[in-house]
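In what follows, a structure is listed as C-alpha cells, so that the remarks can point back to it.
The values are calculated or read from the model by the stated rules, or taken from the named source; none is laboratory data. Everything quoted here is computed from the prediction, not taken from an experiment. Cβ placement follows ideal geometry from the backbone for every residue including glycine, while neighbour counts extend to all protein chains displayed.
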Amino acid sequence: MKHLIRLSAGALLAMSLAGCAVNPVTGKQEMIFDSVAQDIATGTQNYVPSQQSQGGQYVVDPGLTAYVNQVGKKLAAVSDMPNLPYEFVVLNNDVPNAWAMPGGKLAINRGLIVQLEDEAQLAAVLGHEIVHAAARHGASAKSQQMVVGAGALLAGVAIANKKPEYGALAVGALAVGATAWNAKYSRDHETQSDIYGIKYMQKAGYDPQAAVELQELFVRMMEKQEPSWVEGLFASHPPSRDRVSANRAEVAKYPKGGTRNKDAFQRALAQLKKDKDAYTGYQDAIKAAKAKQYDKALSLVDNSIQQQPKENLFWELKGKLLLQKDQNKEAIPALDKAIAANPNFFRPYIYRGMAYKELGNRNFAERDLIASQKLLPTQEASEQLGDIALAKGDRGTARAYYEQVAAAGGEAGERAKVKLAQIQ
C-alpha cells in the first residue's frame, strides 16, 4: 500500500510539473495537460453529436445562423486566440442555453436568441462563450478533474466520472434533451469569461452595457423559477445579483456607448418571431402527449405545421404521435417530411425505422436505423437493429447490438440482458 501511495504521489507531482501551460487570455500559468491541437480535436469530435443530442441545427431560416456566425466571427477576430477554427451554430431547441467546446466550437439555442433585444446582447452571449474557448477553460477543467482523481486515489476513494464521447451510445435515445457539452466551469472561469467577454465586446465596437443587461435578464428569469432556464443556461452559467454588480463595475472601466444594431438583429429574428405561436403550440402538444392526450396533441401540432410547414420538429412530433396511436402507416408520410426538412437530424430516422419495422418492412427499417446511428449512436436504434438481425436469423449480429445496449445500462440495458440470455 505504501508503494502505491508513493507511486500515486509521484504521478500526481509529475502531472503537475508537466501540465503547466499559459492561459492565452490571462497570461497566467495554469495546470493544463492537453495541447491546443488536442482541444481542437476534442471539439471537432464532440461538436456534431452534441448538436444532435439537443435538437440538431435550426434550419427553417438559414439566414439566422449566417447572422450569428457573422457576429461571432467579428468577436473571435479580436479575441486572444483568433486563429482557432471557430464555428457557430443555432440549435433547434426551446431551452435557453449557449455553450462552447474546446477549440472554438460554439452553439446558441433558438430558445435563448428570442429572449434577446439586440445584436449587442447577442455579442455579450457569444463573447462570453468565446472566452471559455480562448482561455482553454474546458482543458483546464479536465486537467483539474484528473488531478482530483489522482488525489482521491491517495485517500483510497473511487471517483466515477462519466463523460459523453462520440461513438458512445446515448442513454434513452428518444428522451435525449439538452444534456450535451455543458461543462460546469468554476467560479473563476465564469468571472474570466464575463470580464474578457466585455473586453472583446468593446474591442469589436459593441456597447458593453449589454453584458450588464444580459445578466439582469438572467436574474429575472431565474427568479421566475422557469424550469427550462434552470436546466439550461443556469446549470452551467449561474446568474446572481453579485454577478450583475461585478459586470456593471467592469463596464464602468470602458467609455460609454457602442454599437447596438437593434434593427439588424430584429430583421435577423423576424422569421423566428413570426413563428413564436407555432413553437408555443408545439410545446403545448408535447405536454398533451406526456399526459397521453394524443388527439389533442395531434390537433395542436397540426396547427403548428399549418403556421410553419418547414419546421422538421413539428412533422417529427406528428409522426411520433401517430406511432403512439399505432397508426404506423400514417406516421411514415409525416416522418418523410421531417427528414426532408432536415436530413441531418437523427431522431426521425429512428421513428420511421420503428414504423417500418412494425409494418414488417425490415429492410427499410434497417436502412433508417443505420442512418440514425451514423448521426448519433443510440441505445434505441441498436436495440431495434438487434431485433431485426435476430428476426433474420443473424444471432451473431443481434448479440453484438444487444451487448452494446446492455453495456450502456438503464431500462434498455436490462431488456438487452434478457434478450442476450435468450439467444445464448
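A compact table of results
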item	result
Among residues of the stretch 100-120, those that are of a type in the set (A, V, I, L, M, F, W, C) and touching a Phe, Trp or Tyr at 6+ places or on another chain (Cβ under 6 Å), counted	4
Residue match in the stretch 385-405 (condition: under 21 Å from L321 (Cα atoms), buried (at least 16 other Cβ atoms within 10 Å of the Cβ) and at pLDDT 95 or above)	no
Residue that is surrounded by 24 or more Cβ atoms within 10 Å (Cβ to Cβ), among the hydrophobic types (A, V, I, L, M, F, W, C) and within 16 Å of Q54 (Cα to Cα), where the choices are L376, L369	L376
Filter result for the condition that a residue is within 28 Å of the chain's Cα centre (by Cα), assigned to a helix (DSSP H, G or I), modelled with pLDDT of 65 or more and farther than 17 Å from L122 by Cα, over R248, R243	R243
Those helices (runs of 4 or more DSSP H) lying entirely in the stretch 41-143 with at least 3 residues touching an Asp or Glu at 6+ places or on another chain (Cβ under 7 Å) and assigned by TED's automatic domain parsing to the domain that holds D263	119-134
Per-region count, the stretch 114-133, residues among the aliphatic types (A, V, I, L, M) and surrounded by fewer than 24 Cβ atoms within 10 Å (Cβ to Cβ)	2
Scan of the stretch 294-346 for residues that are under 20 Å from N93 (Cβ atoms), part of a helix (DSSP H, G or I) and of a type in the set (F, W, Y), ordered by number	F314, W315
Looking only at the stretch 251-270, and only at residues there that are over 23 Å from the mean Cα position of the chain (by Cα) and in a helix (DSSP H, G or I), the one that is surrounded by the fewest Cβ atoms within 10 Å (Cβ to Cβ)	D263
Given (1) at pLDDT 95 or above; (2) under 17 Å from N93 (Cβ atoms), index of the condition M221 fails	(1)
All positions within the stretch 356-391 that are small (G, A, S) and in contact with a Phe, Trp or Tyr (Cβ under 9 Å, 6 or more places away or on another chain)	A365, A371, S372, A381, S382, G386, A389
Members of the stretch 272-321 found to be β-branched (V, I, T) and either under 26 Å from E117 (Cβ atoms) or not assigned by TED's automatic domain parsing to the domain that holds P348 (or both), listed by number	T280
One residue from G353, G360 being more than 20 Å from the chain's Cα centre (by Cα) and either of a type in the set (S, T, Y) or part of a loop (DSSP other than H, G, I, E, B) (or both)	G360
Enumeration of residues in the stretch 59-103 that are of a type in the set (V, I, T) and either closer than 27 Å to A341 by Cα or crowded, with 22+ Cβ neighbours inside 10 Å (or both)	V59, V60, T65, V68, V71, V89, V90, V95
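For (1) free of Cβ contacts under 8 Å to residues at least 24 places away in the same chain; (2) farther than 21 Å from R347 by Cβ, each residue gets a yes or a no:
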residue: Q379; (1), (2): no, no
residue: Y402; (1), (2): yes, yes
residue: A406; (1), (2): yes, yes
residue: K419; (1), (2): no, yes
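Each row is one residue, and each column tells you yes or no for (1) of a type outside the set (D, E); (2) in contact with a helix residue (DSSP H, G or I) (Cβ under 6 Å, 6 or more places away or on another chain); (3) outside the structural domain of Q51 (by TED's automatic domain parsing).
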| position | (1), (2), (3) |
| --- | --- |
| A341 | yes, yes, yes |
| F345 | yes, no, yes |
| P348 | yes, yes, yes |
| M354 | yes, no, yes |
| E358 | no, yes, yes |
| F364 | yes, yes, yes |
| R367 | yes, no, yes |
| S372 | yes, yes, yes |
